[in-house]
1. Just for the range 20-38: of the residues that are touching an Asp or Glu at 6+ places or on another chain (Cβ under 9 Å) and more than 7 Å from the ligand (Cβ to nearest atom), which one is nearest to Tyr283 (Cα to Cα)?
2. Only residues that are among the aliphatic types (A, V, I, L, M) and either open to solvent by 30 Å² or more (accessible area, probe 1.4 Å) or free of Cβ contacts under 8 Å to residues at least 40 places away in the same chain (or both): list them for the range 309-327, please.
3. Just checking, which of Gln172, Gln265, Gln226 is in the same structural domain as Glu288 (by TED's automatic domain parsing) and over 19 Å from the mean Cα position of the chain (by Cα)?
4. Scan the range 174-193 for residues that are of a type in the set (Gly, Ala, Ser) and within 14 Å of the ligand (Cβ to nearest atom) and jot them down.
5. Quickly run through the range 135-161 and pick out the residues that are touching a strand residue (DSSP E or B) at 6+ places or on another chain (Cβ under 7 Å) and assigned to a loop (DSSP other than H, G, I, E, B).
6. Quick check on my filter: what residues within the range 151-167 are within 14 Å of Glu220 (Cα to Cα) and either surrounded by 18 or more Cβ atoms within 10 Å (Cβ to Cβ) or within 11 Å of the ligand (Cβ to nearest atom) (or both)?
7. In the list Asp244, Asp217, Asp295, Asp280, which residue meets the criterion of being surrounded by fewer than 24 Cβ atoms within 10 Å (Cβ to Cβ), in contact (Cβ under 8 Å) with a residue 12 or more places away in the chain and under 21 Å from Gly137 (Cα atoms)?
8. Picking from Asp129, Asp102, which residue would you name as being assigned by TED's automatic domain parsing to the domain that holds Ile9, open to solvent by 70 Å² or more (accessible area, probe 1.4 Å) and either modelled with pLDDT of 95 or more or more than 13 Å from the ligand (Cβ to nearest atom) (or both)?
Amino acid sequence: MREADLVVIGGGPAGLCAAISASESGAKVLVIERNKVLGGQLVKQTHMFFGSEKQYASDRGIDIAEMLLNKLDCFNNVEILTETTVVGMYEDGVISVLHKEDVYYKIKPKAVVVSTGAFEKALAFPNNDLPGIYGAGAVQTLMNVHGVKPGDKVLMVGAGNIGLIVSYQLIQAGVEVAAILDAAPRIGGYLVHASKIRRMGVPILTSYTVKEAIGKDCVEKAIVSQVDEKFWPIAGTEKEFDVDVICISVGLTPLNELLSMRGCQMKYVPQLSGFVPIRDENYETTVEYVFAAGDATGVEEASAAMVEGYLAGLCAASKIGCTPDDFDERKSDYVKQLNDLRSGPVGKHILTGIEQIVI
Ligand SMILES: Cc1cc2nc3c(=O)[nH]c(=O)nc-3n(C[C@H](O)[C@H](O)[C@H](O)COP(=O)(O)OP(=O)(O)OC[C@H]3O[C@@H](n4cnc5c(N)ncnc54)[C@H](O)[C@@H]3O)c2cc1C
């Protein structure tokens, strides 16, 4: 059994910032990431970020990942394990990890920050398992990480920011986007993104959903139909699109089974997109020494994930005896940054969710 001071699970923006902040406080940190590279969602985001200047607005996601890694490089009290997945968190505080595919071992940390991010929601319709049906994250990974086009003609399902941004990236990669659908009566993403897409000739159909995929060995066609106010398909409104890709971008759900397994109290909060841990203002869950940050505590944005990571890392380090002299100033600065980020209408909606889980 290996011993460790502070383990950070997940090397996305929340985890990297937790590691920076905790190591800055003097804690010995071990970051565990299941992918080959650190950065989480950031490494597939080639667009310039929105948000506030302090959280790198106007920089590209991939560059933000690089900047955070450079910051982390300045500390010699951080160890990083990639291609290593945390597969269990147990009552006695032990966590089990799987390195690559066959090396399995246990670690006993003094404290943990869980920053495992989120996973994509799926959509149920006939033939939704045909090759050519992807989540938007998979399309981004193929295109922006591996340089592979997912197909030639795409139907995008979901007009939130992710659906709009990925549609734009598909067009940049030379892929035709036949249409973007959304079951909601209004476009969910920022209108600046939607207008850009519309100017490129892509129709955005609101109150529409995908009814069925058609194809023998892979997608050849999508049948879509209009929906009523209860989201039921309206007969006779069907349209057909000849496409070889249907990209599903209907939202994310917090990925936090490890917290449930560890016994942290969880609550379903629609505003935060799923089950999330009950926590205090220091981002400590109902299990002492277990902290959480980022999309795992509620789906939001990288900007908020980074600040939550800084805050959780600072408080977790303090919990194990590494309290910097400027703890109070740093903590109140992070709290202020989060309040500023959440001052708009979307942030206010998120806050109504957060109010339900903070004790
Ligand atoms: C298309 C798209 C566009 C976006 N645009 C913006 C934008 O413009 N501005 C903005 O602020 N936000 C944007 N976001 C949102 C932003 O990317 C996320 O909110 C942010 O990445 C969340 O950070 P995180 O660290 O919580 O999770 P993630 O970035 O998802 O990182 C979680 C990490 O944990 C790892 N992990 C998970 N489980 C385990 C395990 N068991 N063991 C080890 N490692 C594990 C994962 O591999 C991953 O690296 C966008 C998202 C998408 C998909």
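1. Taking the candidates together, the pick is Ala22.
2. Ile320
3. Gln265
4. Gly188, Gly189
5. Within the range 135-161, Pro150, Gly151, Asp152, Gly158, Ala159 meet the criteria.
6. Gly151, Val154, Leu155
7. Going through Asp244, Asp217, Asp295, Asp280 in turn, just one is surrounded by fewer than 24 Cβ atoms within 10 Å (Cβ to Cβ), in contact (Cβ under 8 Å) with a residue 12 or more places away in the chain and under 21 Å from Gly137 (Cα atoms): Asp244.
8. The match here is Asp102.
The values are calculated or read from the model by the stated rules, or taken from the named source; none is laboratory data. A quick note: this is a predicted structure, and the numbers were derived from the prediction, not measured. With ideal geometry, Cβ positions are generated from the backbone for all residues, glycine too; neighbour counts draw on all protein chains shown. All accessible areas refer to the heavy atoms of the entire protein, side chains included, with ligands and DNA or RNA removed. Shrake-Rupley method; radii C 1.70, N 1.55, O 1.52, S 1.80 Å.
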